[in-house]
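Asker: This is the structure, below, for whatever I ask next.
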Amino acid sequence: MTYSAVPALREEPELAAEWEPRVTKPSYDDGALVGMAMTEKQGGSDVRANSTRATPNGDAWEITGHKWFCSYPPCDAFLTLAQTPGGLTCFLIEGRDPGFRIQRLKDKLGTRSLPSSEVEFHAVRGWLVGEEGRGVQTIIRMVNHTRLDCLIGSSAGMRWGLAQAVHHARHRSAFGKLLADQPLMQNVLADLAIESEAATAATMRIARAYDEGDAPFRRIATAVMKHWVCKRAPGHANEALECLGGNGYVEESGMPRLLRDAPLNSIWEGSGNVSALDVLRALAKEPEALPAFLAECELGRGGNAALDAQLDRLREARPDDPEFEARRVVSELALALQASLLIRHGRPQVADAFCASRLDGGTRGAYGMLPPSVDAEAIVDRALAA
Ligand SMILES: Cc1cc2nc3c(=O)[nH]c(=O)nc-3n(C[C@H](O)[C@H](O)[C@H](O)COP(=O)(O)OP(=O)(O)OC[C@H]3O[C@@H](n4cnc5c(N)ncnc54)[C@H](O)[C@@H]3O)c2cc1C
């Protein structure tokens, strides 16, 4: 969140000049941490329902209201939203302001080492960020970057879980053989490896688009893959945990923490439905978005017949009820991008197995249902050097 605040802060050059050198310092002593306080009791996804108010006071504003979710309370500053006569507006506030009152810390399922809070603002001093009335458009600059971070975090979690699962299976024997040599365990491990590699490939491609400023692709690809990878992560963590058997259920293995933390990225910065609807919005409002996304997927055409068919279907797709079908549409886009990237940048065994198991209505529910044509051993070997 700290780094993600920079694009929003840059809407106000004076604020950016003051804060950017601090937030980009990789030191807790003289650096600064920035969080976010948008969500209210009556408005998390629908932040336009926010009731916190800001009134002008001298060269700044005074903000009064409550936030049902606010980030890590010791942050030096927060970006927040408040209603002004001009509409919902983005402000920067400081955590040390005497009017910034922490009500309590959330008792959370996971991510417990990084507290989240409930706060009240009692005439907190705020500085305008972006235009009055365009708060959502301003804070979305931060949100888009934290969505990229959700993608990076979920992909990293998959990779960590996979490494634990493969390592365990290589050292634990059951029924006279190492688990890693049992055909059904190979199927599960290979399936976890394919998912992890596909998530990582998509994450890296999208991160590159941020570095290169490739706006139309970046906008839609972040929304599509944030939805899909973050949604796949909890099932992946669950299956990786199970590879360790009973030990995976015990805290010392680290796997319970992975599983508890996994659902979060799919909830915040756009819960599943909201992130899928966000893709529809981008498709409707930004005429360059879908062509940019499909152009990237098309680079893999010819590499696998199942991807070619998937791309043809996507070009012809005209959902009867787009909102009702949003999750399905988004998953088809996500799978096309992942397949295309694996075909171009991965090993053929991985790309072929991905296409055979995930395109055209393949096995997308539980893991470990790869077809026999897949070279599971080669995929697991690649996933973790012995
Ligand atoms: C650990 C944690 C940390 C957080 N940190 C922060 C933070 O730092 N700052 C901050 O501001 N917020 C934070 N949040 C809040 C988070 O962003 C919100 O909880 C999230 O955006 C969802 O809002 P909500 O809880 O009000 O749920 P709701 O908006 O009530 O949504 C409930 C469900 O309805 C679905 N839904 C909503 N609209 C539609 C629709 N139109 N069609 C179909 N389905 C729909 C959603 O997908 C969701 O599944 C955090 C949350 C958690 C769990």
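Asker: Expressed as a rounded percentage, what relative contact order does segment 148-263 have, with Cα pairs under 8 Å and six or more residues apart?
Answerer: Relative contact order of segment 148-263: 35 percent.
Asker: Binned at 10 Å from 0, what are the whole-percent values of the Cα-Cα distance distribution for segment 271-348, short to long?
Answerer: Spelled out per bin, shortest first, that is 18, 49, 28, 5.
Asker: Here is a further query. No solvent, one uniform scatterer per C-alpha: report log10 I(q)/I(0) for the chain via the Debye equation at q = 0.12, 0.13 1/Å, two decimals.
Answerer: So the normalised log intensities are -0.96, -1.08.
Asker: Calculate, in nm to one decimal, what Met204 and Asn273 gain on full extension: separation in residues at 0.36 nm each, minus their alpha carbon distance.
Answerer: On the way: separation 69, 0.36 × 69 = 24.84 nm, distance 2.42 nm.
Length gained, Met204 through Asn273: 22.4 nm.
Asker: Taking the chain as a Gaussian network, where each spring joins two C-alpha atoms under 10 Å apart, which residue of Gly135, Gly153, Gly176 fluctuates the most?
Answerer: Maximum among the listed residues: Gly176.
Asker: Under the 0.36 nm per residue contour assumption, what length would be gained going from the current alpha-carbon distance of Ala163 and Lys177 to full extension? Write down the numbers at each step before the final one.
Answerer: Details: separation 14, 0.36 × 14 = 5.04 nm, distance 1.98 nm.
Contour length minus Cα-Cα distance gives 3.1 nm.
Asker: If each of Asp76 and Ser373 carries a label point 7 Å out from its Cα toward its Cβ, how far apart are those two points in nm?
Answerer: My value for the distance between the label points is 5.6 nm.
Asker: In segment 59-87, whose amide N lies under 13 Å from the spot 7 Å out along Cα-to-Cβ of Arg48? List them in ranges.
Answerer: 87
Asker: Give the distance, in whole Å, between the Cα centre of segment 312-386 and the Cα centre of segment 156-179.
Answerer: Centre-to-centre distance over Cα atoms comes out at 23 Å.
Asker: Once you charge only the Cβ atoms, +1 for Lys and Arg and -1 for Asp and Glu, what is the size of the charge dipole of segment 218-259 about its Cα centre, to the nearest 20 debye? Before the final figure, lay out each step's value.
Answerer: Numbers: 6 positive and 4 negative charges, 116 e Å.
For segment 218-259, the charge dipole is close to 560 debye.
Asker: Could you give each residue of segment 345-352 its phi-based ³J(HN,Hα) in whole Hz, using Karplus coefficients 6.51, -1.76, 1.60 with θ = phi - 60°, and x for Gly or Pro?
Answerer: After applying 6.51 cos²θ - 1.76 cosθ + 1.60, I find 10, x, 7, x, 4, 6, 4, 5 Hz.
Asker: How many times 2.2 N^0.38 Å is the alpha carbon radius of gyration of segment 75-118?
Answerer: Working: Rg = 13.2 Å, N = 44, 2.2 N^0.38 = 9.3 Å.
That ratio works out to 1.43.
Asker: Follow-up. Across every pair of different alpha-carbon atoms, what Kirkwood hydrodynamic radius in Å does segment 183-312 reach? Intermediate results must be reported in sequence, preceding the final value.
Answerer: Numbers: mean 1/r = 0.0603 Å⁻¹.
Computed over Cα pairs of segment 183-312, the Kirkwood hydrodynamic radius comes out at 16.6 Å.
Asker: What is the dipole size for segment 1-78, taken about its Cα centre, with +1 at each Lys and Arg Cβ and -1 at each Asp and Glu Cβ, in debye to the nearest 20? Before the final figure, lay out the partial values.
Answerer: Numbers: 7 positive and 12 negative charges, 81 e Å.
Charge dipole, segment 1-78, about its Cα centre: 400 debye, nearest 20.
Asker: Counting other Cβ atoms within 10 Å, which trypsin sites (Lys or Arg not before Pro) in segment 37-78 have at most 15 and lie in a DSSP loop? Please list the in-between numbers first.
Answerer: Numbers: sites: Lys41, Arg48, Arg53, Lys67; in loops: Lys41.
The qualifying sites are Lys41.
Asker: Counting helices only, and only those DSSP H runs with n ≥ 4, report the 222 nm mean residue ellipticity of the chain as the sum of -39,500 (n - 2.57) divided by its residues, in deg cm²/dmol to the nearest 500. Before the final figure, lay out the partial values.
Answerer: Numbers: 13 runs with 198 residues, N = 386.
Taken over the chain, the calculation gives -17000 deg cm²/dmol.
Asker: Provide the descending list of Cα extents for segment 235-386 along its principal axes, expressed in whole angstroms.
Answerer: Projected onto its principal axes, the Cα set of segment 235-386 covers 50, 36, 23 Å.
Asker: If amide hydrogens are placed 1.01 Å from N in the peptide plane, which non-local residues have theirs closer than 5 Å to the one on Gly130?
Answerer: HN-HN under 5 Å from Gly130: Glu12.
Asker: What are the ³J(HN,Hα) couplings of segment 309-324, residue after residue, when phi is run through the Karplus curve with 6.51, -1.76, 1.60 and θ = phi - 60°? Round to Hz, x for glycine and proline.
Answerer: Per-residue couplings from phi come out as 5, 4, 5, 4, 4, 5, 5, 8, 4, 9, x, 5, 10, x, 5, 4 Hz.
Asker: Still on this model: How high is the relative contact order of the chain, given as a whole-number percent (alpha carbon pairs under 8 Å, six or more residues apart)? Provide the component values of the computation, followed by the final result.
Answerer: Details: 663 pairs, mean separation 54.0, N = 386.
It comes to 14 percent, rounded to a whole number.
Asker: Over segment 253-331, what relative contact order in percent results from Cα pairs under 8 Å that are six or more residues apart? Please list the in-between numbers first.
Answerer: On the way: 23 pairs, mean separation 27.9, N = 79.
Taking the mean separation of contacting Cα pairs over the length of segment 253-331, I get 35 percent.
Asker: A follow-up question, please. Using amide H atoms built 1.01 Å from N in the peptide plane, name the residues 5+ places from Thr52, or on other chains, whose amide H lies under 5 Å from its own.
Answerer: Amide H neighbours of Thr52, under 5 Å, 5+ apart: His66, Gln83.
Asker: What list of ³J(HN,Hα) values in whole Hz, one per residue of segment 84-100 in order, does the Karplus curve 6.51 cos²θ - 1.76 cosθ + 1.60 (θ = phi - 60°) give from phi, with Gly and Pro shown as x?
Answerer: After applying 6.51 cos²θ - 1.76 cosθ + 1.60, I find 10, x, x, x, 5, 10, 9, 9, 9, 10, 9, x, 8, 4, x, x, 8 Hz.
Asker: Any chance you could count the Lys pairs in the chain whose alpha carbons are under 17 Å apart, treating pairs 8 or more apart or on different chains as valid? Please report the intermediate quantities before stating the final value.
Answerer: Values: Lys41/Lys67; Lys41/Lys106; Lys41/Lys108; Lys67/Lys106; Lys67/Lys108.
Taking the Cα cut-off of 17 Å, the pair count is 5.
Asker: Apply 1/(1 + (r/R0)^6) to the Cβ-Cβ distance of Ala366 and Gln103, taking R0 = 41 Å, and write down the FRET efficiency to the nearest 0.05. Let's see the in-between values first.
Answerer: Details: r = 41 Å, r/R0 = 1.00.
Computed FRET efficiency for Ala366 and Gln103 comes out at 0.50.
Values in this text are rule-based calculations from the coordinates and carry no lab data. Quick caveat: nothing in here was measured; it's all calculated off a predicted structure. Don't worry about glycine lacking a Cβ; one is built from the backbone with ideal geometry, like all the others, and counts go over all protein chains shown.
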